[in-house]
1. Step through the table entries 13/119; 13/241; 13/228; 119/234, compare each Cα-Cα distance with 19 Å, and write down the pairs that go over it.
2. Tell me, what is the FRET efficiency for residue 232 and residue 91 to the nearest 0.05, using R0 = 30 angstrom and their Cβ-Cβ distance as r?
3. For region 70-179, state which GluC sites (Glu not before Pro) are in a DSSP loop and have at most 14 other beta carbons lying within 10 Å of their beta carbon.
4. To the nearest Å, what is the center-to-center distance of region 107-161 and region 64-88, using C-alpha atoms only?
5. For residue 61 and residue 119, what is the calculated FRET efficiency with R₀ set at 22 Å and r taken between the beta-carbons, to the nearest 0.05?
6. Using Cβ counts within 10 Å as a stand-in for footprinting exposure, how do 21, 197, 97 rank, fewest first?
7. Arrange the following residues from fewest to most other Cβ atoms within 10 Å of their Cβ: 181, 62.
8. I'd like the Karplus ³J(HN,Hα) series for region 173-185: coefficients 6.51, -1.76, 1.60, θ = phi - 60°, whole numbers in Hz, and an x wherever there's a Gly or Pro.
Amino acid sequence: MSQPPISSTWRTKRINIHQQYYWVIGEISLWVKCDENTIRLAYAYRSGLEWESPENPPKNLLWHSWPVYHPDQQIRITPIFPDRPVVVKPEVSFRLYPHSSLQSFVRIPIWLQITSVGKKENILITLPSVVLSHTWFGKTTEGELCYWISSGMRHQTEPDPSRIHSAICSIKVVNESDDDLNVEKICLHTESLSMFYDSVQLWSDDIAVSYRGTQDATHIQSSGTPPKESPVAKRISTPRKPQKKGFTAKTFSSIMDLPGLGFTSITG
């Protein structure tokens, strides 16, 4: 079976008994096969094991297995956001004057949630499409473990159907304080975002990040609706950690914070 086109990647697919299927999404290759009693899944990353072709996975690959609950077994791959916040560095650090705002965009590598669909639905496994580095954001006693990506924030963006493993986040940064806001790194809580799809590009809902001063936590508001850049996009997955209309969290780094750890350059 050849790699499925983007138009069918996020659809439920019937798995015929004794036939092997595979997908290549980002840096990960997935193989799935099924018999009368068991569904089996294996995966490998481009930077890890080497193999001749996606049709023939490595011989020493580890296969995971689950019981089959229905003869008409199906598989659904759903894109979701990472399970931790993501730290992003703008392409060029910028300063926001008091009571001003700026619209930016960033591509976030997605996670893949693989679900078996039969008599009932069961989430089999959740895997990142790209292996990201870890970093620490904040002070020693108040920070949190995050992912780091090197695809910086940009002030413009265009859909890219060749990059099915990333979603575009539309971010409005608002400085509501009476002081300048220097933006060098931003911590995005993508686990609270929905995922939308318009048959070409994955998107998050619109995010508004409002800064209210050095002593205050940033107020984060997600729209829950498709972004203005793609109003026809349909919701394809819900947030990992649903939030109320707005919540507060530390978003911007300062000179008092620890520097990032383990900044391996991974392009999202």
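1. From the list (13/119; 13/241; 13/228; 119/234), the Cα-Cα distance tops 19 Å for 13/241; 13/228; 119/234.
2. 0.55
3. 91, 142
4. Between the Cα centres of region 107-161 and region 64-88 lies a distance of 14 Å.
5. So the FRET efficiency works out to roughly 0.20.
6. Final ranking by Cβ density, sparse to dense: 97, 21, 197.
7. Ascending Cβ contact count within 10 Å gives the list 62, 181.
8. Per-residue couplings from phi come out as 9, 10, 9, 8, 8, 9, 10, 5, 10, 8, 9, 10, 9 Hz.
Here, each number is a calculation from the coordinates, and none is a lab measurement. Quick caveat: nothing in here was measured; it's all calculated off a predicted structure. Neighbour counts are summed over all protein chains in view; Cβ atoms, including those assigned to glycine, are modelled from backbone coordinates with ideal geometry.
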